[in-house]
Amino acid sequence: MKLPQGGKSELTFVGSLFLLGSLVFWDTWRTELPAFNLTISPKVFPYAIATILMVLSALLMISILRGNVATPEGAHPGEPIQKTDFKIFGIVVGSLLSFLLLIERAGFIIAASITFFGITVAFGNKNHARAGIFGTLFITVIYLSFTRFLNVQLPAGIFKGL
């Protein structure tokens, strides 16, 4: 069966949603119930969400296999769909992973500044110095606003004690 252009990526996305629903269903199934008696089990809502997600994903799979694929935003039906730019995708994912790896070690300001800078580079910013300076200033204002005014403690990292 020949899928229309864009069908493989849509099937991949819908398949990942189905797997997510299956994971929620399995995790709910193995969760132990509390000892006290409840009118409604705490498993009802996760089971409902997982079931709805899997059913809708299956219906979307059938629709895609029948040839109904979405038209990307800004494109007209029948226009060729551009290929994914994996370089930009890799820079964005790398920036987000660097945030996860640096948040506790280096602190919020450094981790978020590196992430901000990486994403601006991925989206085509040519003035790297300006992006780095304004991004770091913006992140610092956010950090100070949360820690000083809202009393939400973000990881200080190497700036601990200042």
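The values are calculated or read from the model by the stated rules, or taken from the named source; none is laboratory data. Note that the coordinates shown come from a computational prediction; the quantities given were computed from them, not determined experimentally. Cβ coordinates were reconstructed from backbone atoms using ideal geometry, including for glycine residues, and neighbour counts include every protein chain displayed.
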Q) Scanning for something at positive phi and under 23 Å from the mean Cα position of the chain (by Cα), does segment 26-40 turn up at least one residue? A) no
Q: Sort through GLY90, GLY15 and tell me the only one that's within 30 Å of ILE142 (Cα to Cα) and either modelled with pLDDT of 90 or more or acidic (Asp, Glu) (or both).
A: GLY90
Q | Single residue of ILE91, ILE40, ILE81 found to be assigned by TED's automatic domain parsing to the domain that holds THR120 and either surrounded by fewer than 13 Cβ atoms within 10 Å (Cβ to Cβ) or within 29 Å of PHE123 (Cβ to Cβ) (or both) | A | ILE91
